[in-house]
Amino acid sequence: MDTVTILDLDGEKIEINTDTVFPVMLAEVMYEGDLELLMADLKSNKKLMNEAKKIKILADNIPGISSNFVTQPFIFSEFLAYLKEFDLKPSDFNHATLNELYDIILDYADHHNFDELKEIVKFMIEIDPNYTPAYEILGSVLVEEGNLEEGKKYLELAVKQDPWNIAALSELGETYFNLGEYEKAAEIWLKEVELMPENTVTYFMIADAYRQSKNFKKAARILEKFLNKYPKSILAKYELIDIYRKLERTIEADELQEEIANSQPEYVSDVEIWAKVMFQNGKYENVEKFINKFLDKNKDYEHFRILLAIPMLKTGKKEEAKLLIREMKEKYPWYYYGMKNILEELLEGNERDILQD
């Protein structure tokens, strides 16, 4: 501990040393900036109280002394060194909150600073073994690192502690899916849609899990349930057509195919699939009219213009189609390369020349 300066406040000498900043950091990180709560919680630690009292006097006289200007950036190894210096252990924090530490680990996760994140999570769990978000994020990080089995263990703990944790359920289902445990993945995701039925994507994930496990009857059932709620979903009908054919329910599959061919998309997520079905049925003009009208009202979806290349080619406008594809490739490469395989399916012979790099 080294003296930095000595302040004179109305005749009272206050020594500022290299340890004096720690109560500020500790209050911000563990007590949401509440220095008095920190002092009440850790009053038996004389060394800490000595520095905290200095901070209280300074805070009364110098505005902003406990701001992020003093406490950022947060370096966990430095924080641990201060804990050791003041002889503090996780069990000492009886009334601390973990909200700020949770925000910190979320930021670390965004920046893929996983090693330090895992150290902070272990510290959080020592303070509160029942803090579910810590298990959830640790499990998610381990999964992202490729440690699926270990990640699954922590996600299971998160779900066990909080069966209503949607994020943990979703991640756990995906982990089972990636491990090839498709029926278990479907079971987990079914719990998710029970709690959050508006998570429409999850229905398709469940159907895919059943399809991977060759349980086509259950795959059909979940999509039929979805269509009862969203009868205009073209994507659900399209997925169900394939499943019906596998179940040899050809009449129902043909009926759905006809429904799609005589409809228009209600949802943005249906536009591509609808266009594909229309192209397969030779209804190029229908797609062209719909896309132009749709883009007039939805400027944020300009990438859908790439679909107009098919009607252009089919009506002999090869140069226009080529220019459009080139423009879309430059402006929306992520969408162009995502759509390239679909476009190749729909084009014939020399038509595919417009896709050449």
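The values are calculated or read from the model by the stated rules, or taken from the named source; none is laboratory data. Quick caveat: nothing in here was measured; it's all calculated off a predicted structure. Here Cβ is always computed from backbone atoms with ideal geometry, including for glycine, and neighbour counts include all displayed protein chains. Quick note on the areas: whole protein, heavy atoms, side chains included, nothing else; ligands and nucleic acids left out. Shrake-Rupley method; radii C 1.70, N 1.55, O 1.52, S 1.80 Å.
See the values below:
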| quantity | calculated |
| --- | --- |
| Condition check for Gly180: open to solvent by less than 60 Å² (accessible area, probe 1.4 Å) and outside any helix (DSSP H, G or I) | yes |
| Which listed residue, of Asp87, Asp19, is modelled with pLDDT under 85 and among the acidic types (Asp, Glu) | Asp19 |
| Where Glu194 falls short, out of the listed (1) assigned to a helix (DSSP H, G or I); (2) open to solvent by less than 70 Å² (accessible area, probe 1.4 Å); (3) at pLDDT below 95 | (2) |
| Among (1) surrounded by 14 or more Cβ atoms within 10 Å (Cβ to Cβ); (2) modelled with pLDDT under 95 - the single one Val268 does not satisfy | (1) |
| Pair list, Cβ under 6 Å, 6 or more apart: segment 92-104 residue more than 19 Å from Leu117 (Cβ to Cβ), other residue at pLDDT 90 or above and part of a helix (DSSP H, G or I) | Phe93/Ile127 |
| Candidate set: segment 104-135, residues that are farther than 14 Å from Phe76 by Cβ, touching a helix residue (DSSP H, G or I) at 6+ places or on another chain (Cβ under 7 Å) and not aliphatic (A, V, I, L, M); chosen: the one surrounded by the most Cβ atoms within 10 Å (Cβ to Cβ) | Tyr135 |
| Residue match in segment 329-347 (condition: under 26 Å from Tyr230 (Cβ atoms) and basic (Lys, Arg)) | no |
| Residue list for segment 212-267, filter: over 18 Å from Asn281 (Cβ atoms) and not in a helix (DSSP H, G or I) | Ser213, Lys214, Asn215, Tyr230, Pro231, Lys232, Ser233, Leu247, Glu248, Arg249, Glu266, Tyr267 |
| Unique residue being buried (at least 17 other Cβ atoms within 10 Å of the Cβ) and either within 23 Å of Glu192 (Cα to Cα) or in contact with a Ser or Thr (Cβ under 8 Å, 6 or more places away or on another chain) (or both) when the list is Leu101, Leu138, Leu88 | Leu138 |
| Pick from segment 223-236, criterion without any contact (Cβ under 8 Å) to a residue 24 or more places away in the chain and under 27 Å from the mean Cα position of the chain (by Cα), ranking: nearest to Tyr267 (Cα to Cα) | Leu227 |
| Residue ID - nearest to Ile273 (Cα to Cα), chosen from residues in segment 313-357 that are open to solvent by 50 Å² or more (accessible area, probe 1.4 Å) and assigned to a loop (DSSP other than H, G, I, E, B) | Glu348 |
